[in-house]
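Just below is one structure, and these are the notes that go with it.
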Amino acid sequence: MVKSKRILLIVSGGIAAYKSLELIRRLRERGFSVRVVMTKAAQEFVSPLSFAALSGQKVYTELFALTDEAEMGHIELSRDADLVVAVPATANIMGKLASGIADDLASTLLLATDTKILMAPAMNLRMWLNPATQRNLETLLRDGVIFVGPNDGDMACGEFGPGRMAEPLEIAAAIENCLKQPTKIPAPGAAASPSSGSKPLAGRHVLLTSGPTHEPIDPVRYIANRSSGRQGHAIAAAARDAGARVTLVSGPVPIAAPHGVNLVSVETAQQMYDAVHAHLPADIFIGAAAVADWKVSAPSKGKIKKTGDGPPALSLSENPDILASIGKLKKGRPLYVAGFAAETGELEKNGRAKLVKKACDLIVANDVNPETGVMGGDFNTVRLITKAGIEDWPILPKEEVANQLIARIAKLVSELKR
Ligand SMILES: Cc1cc2nc3c(=O)[nH]c(=O)nc-3n(C[C@H](O)[C@H](O)[C@H](O)COP(=O)(O)O)c2cc1C
């Protein structure tokens, strides 16, 4: 558990503001100190006195307050925290941060802070689904803001749908999770901090797969899937930044390989299998590719013609299982083997089964139902499954998932006895 961390809690003016009181209790139970800032609208819902009583600290509400400024300036207030959280986050405060507006204490602090920001939006479903809010969400995600919720559920306004704030326990878990990673953002142009400059994977060889595979039907047609390679390529870049020598075995993708990694381009699952085994030994193997399970048993040498007798019957056979073949290596197994499980249902059950069946150390399970936009999209929401348990990550840009995953694997590998 992460303890003795300072949270700056910004409460904005939504009906869910009262739930922040319970969040404070949950955070204090976990050993966090919580300093509260309230917007003018938030004070219409809950009195600052309740927040002062539960946090045990003065509550800040005004930007232009001489006594507050003398006691603790607004810049200092924004920096004297390990994490800034906006709970609830109104559509208004999301919009202000997305457009760089700083017209009260809360929005000024959000803009002036040097730590990561976590937001728990709460609003009517039409406000949430409004294209303006969705645009702001995209902008904020790109800017590195972390989100927890909103969930689907009954609304105070009597409607049902997305917009209901995540529950305080869920938010407390997301906060703990964020604090496992460095949260301070270095000033632009500043020398890298010792932690960002450190290379936890220096001297390690990371071998990973990315993208789809193409399984030929004939010389012009193939079976494929919607994987873009963005998540796998981002992991390759993160591993490189962590100091590793990286071999990226990639299927056909529309994106360039990150600089400084050794790219091995393949087309089929069999070629990917062969390339992976040819590039062993490795310290870490990460199977992020969406490898086709089946191939056409006997691809035609010439283009299959329409004969007028109906479509040809394609006979399929199974492709080799690359992840299992690495996980089960008797000799020369990498120290750490991680795989992705793209699922459209029963994420946890299927992910756990894959962990055992493929003898992996970690499964990154993600929901690839079309409505999630994960396949080919910019963001990912993953569930980490290890023998020790399950961890849900909030929706994050794929680059951030990559950074956090590599930091996690680097730590786990450093703890292994060689
Ligand atoms: C009864 C009531 C409930 C509201 N609930 C929400 C809400 O849940 N989410 C939201 O984004 N705005 C809600 N609003 C609107 C905000 O209070 C309003 O946009 C305000 O300007 C937000 O200011 P702030 O972001 O500075 O706190 C509500 C307004 C009223 C009157």
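The values are calculated or read from the model by the stated rules, or taken from the named source; none is laboratory data. Nothing here was measured: the structure is a model prediction, and the numbers come from that model. When we count neighbours, we look across all protein chains shown, and the Cβ atoms used for this are built from the backbone with ideal geometry, even at glycine.
Criterion first (in the same structural domain as residue 231 (by TED's automatic domain parsing), at negative phi and exposed (fewer than 15 other Cβ atoms within 10 Å of the Cβ)) does residue 328 satisfy it? Yes, satisfied.
Against the criterion of being more than 14 Å from the ligand (Cβ to nearest atom), part of a loop (DSSP other than H, G, I, E, B) and either surrounded by 15 or more Cβ atoms within 10 Å (Cβ to Cβ) or assigned by TED's automatic domain parsing to the domain that holds residue 90 (or both), residue 149 does not qualify. Checking each residue in the range 138-190 for being closer than 12 Å to residue 394 by Cβ, of a type in the set (A, V, I, L, M) and in contact with a Pro (Cβ under 8 Å, 6 or more places away or on another chain) picks out 141, 146, 148, 166, 174. Note on the range 190-305: enclosed strands (runs of 3 or more DSSP E) holding 2 or more residues that are over 20 Å from residue 413 (Cα atoms) and touching a residue at least 60 places away in the same chain (Cβ under 8 Å) are 294-296. On inspection, residue 111 does not qualify as under 21 Å from the mean Cα position of the chain (by Cα), modelled with pLDDT of 90 or more, assigned to a helix (DSSP H, G or I) and surrounded by fewer than 19 Cβ atoms within 10 Å (Cβ to Cβ). Scanning the range 91-100 turns up no residue that is more than 14 Å from the ligand (Cβ to nearest atom) and among the basic types (Lys, Arg).
Evaluation of residue 182 against the conditions (1) at pLDDT 75 or above; (2) surrounded by fewer than 18 Cβ atoms within 10 Å (Cβ to Cβ); (3) touching a helix residue (DSSP H, G or I) at 6+ places or on another chain (Cβ under 7 Å) shows that the sole unmet condition is (1).
A search for C-beta distances below 8 Å between a residue of the range 82-110 that is in contact (Cβ under 8 Å) with a residue 60 or more places away in the chain and outside the structural domain of residue 23 (by TED's automatic domain parsing) and any residue that is within 12 Å of the ligand (Cβ to nearest atom) and assigned to a helix (DSSP H, G or I), counting only pairs 6+ apart in sequence or on different chains, returns nothing.
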